[in-house]
Amino acid sequence: MAEELALILRSARYQDAAKVITFLSREGGLRTGFARGATARDNRFGASLEPLTLCRISGRGSATSSLYRIHHADIVESFRTIHADFNLLSWAGLVVRFLLGCLPPDHPEPLLFSLTQATFSDLGSRKEAPFFLWLSFAREALALLGYRPAPPVCSLCRERVQEGRVFFFPGEGTLLCKNCRRKDRKGGVEVSGELLGWLSGTAAVSELPDRFHNEAMVFLDTLIGEINPRWIPAASVSFLPEVRD
Ligand SMILES: [Zn+2]
């Protein structure tokens, strides 16, 4: 029986005595598993399979169905601080929603697993503002999935736009400066060159000037929406209680 490290993302009751669990496994990527006997009250097995728990699970795939059977689970980290704080829980929920909506099933993404684990740890430790953690997570997660935007260099005239605005064409990953776009075509998502510079690089969030914070949130939503058309923009979720100034 294989053992794997898993972050539990979603848990739903199935009939009387079982749960269907969706989890991100370090070894196997996004998976769905079936846990018989995980619903009884005061049940350690069930508790270890609650959403936002890091645990070591053992189970096996079935030859006749795609469903993985979870036989045993031990909690490695329960992220108590997040569970006890509605604000942190809301931000962690965004990360979970991203993973559930953007990852193909059963495709190992060990770096994304580590990024998610680190993001939950940082959220729980309250060392950095949740909003900053979301921006970092979304930028890195998109990069790991192959969607890091290019630096702000016009695809036609090759000019680097440092201060002005550029037009980004997400479907093609190309971008145009204002001049070339005027001559060439319509459409594109308008975005600041400086923000695109930050998104395409590796500088810390603290190096992104405050005036770009909201635009960063909205633009990341645009990029995520390209992967998952059903993505509900994070910028539109008004219940996120933390002020994003
Ligand atoms: Zn140009």
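The values are calculated or read from the model by the stated rules, or taken from the named source; none is laboratory data. Owing to the predicted nature of the structure, the values given are computational and were not obtained by experimental measurement. Positions of Cβ are generated from backbone atoms using ideal geometry, with glycine treated the same way; all protein chains shown enter the neighbour counts.
Summary table below
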{"read-out": "Which numbered condition R139 fails, given (1) within 16 Å of the ligand (Cβ to nearest atom); (2) closer than 30 Å to S25 by Cβ", "value": "(1)"}
{"read-out": "Residue count, segment 172-187 (criterion: in contact with a Ser or Thr (Cβ under 7 Å, 6 or more places away or on another chain) and within 10 Å of the ligand (Cβ to nearest atom))", "value": "2"}
{"read-out": "Matching option when the condition is at pLDDT 90 or above and not aliphatic (A, V, I, L, M), among R41, R31, R60", "value": "R31"}
{"read-out": "Filter pass, R69 being under 16 Å from E4 (Cβ atoms), surrounded by 14 or more Cβ atoms within 10 Å (Cβ to Cβ) and free of Cβ contacts under 8 Å to residues at least 40 places away in the same chain", "value": "yes"}
{"read-out": "Complete set of residues in segment 199-216 that are aliphatic (A, V, I, L, M), touching a residue at least 24 places away in the same chain (Cβ under 8 Å) and closer than 17 Å to P151 by Cβ", "value": "L199, L208, A216"}
{"read-out": "Count - residues of segment 91-120 that are of a type in the set (S, T, Y) and crowded, with 16+ Cβ neighbours inside 10 Å", "value": "2"}
{"read-out": "Per-region count, segment 149-160, residues aliphatic (A, V, I, L, M), closer than 13 Å to S200 by Cα and touching a residue at least 24 places away in the same chain (Cβ under 8 Å)", "value": "1"}
{"read-out": "Qualifying residue in segment 207-219 (condition: polar (S, T, N, Q) and over 16 Å from the mean Cα position of the chain (by Cα))", "value": "yes"}
{"read-out": "Only one of E159, E190 that is acidic (D, E) and within 12 Å of the ligand (Cβ to nearest atom)", "value": "E159"}
{"read-out": "Filter result (touching a helix residue (DSSP H, G or I) at 6+ places or on another chain (Cβ under 9 Å) and within 27 Å of I227 (Cβ to Cβ)) within segment 160-186", "value": "R160, V161, R165, V166, F167, F168, P170, G171, L175, L176, C177"}
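Yes or no, residue by residue, for (1) more than 22 Å from A235 (Cβ to Cβ); (2) in a loop (DSSP other than H, G, I, E, B); (3) among the hydroxyl-bearing types (S, T, Y); (4) without any contact (Cβ under 8 Å) to a residue 60 or more places away in the chain:
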position: V96; (1), (2), (3), (4): no, no, no, no
position: L100; (1), (2), (3), (4): no, no, no, no
position: F113; (1), (2), (3), (4): yes, no, no, no
position: W134; (1), (2), (3), (4): no, no, no, no
position: Y147; (1), (2), (3), (4): no, yes, yes, no
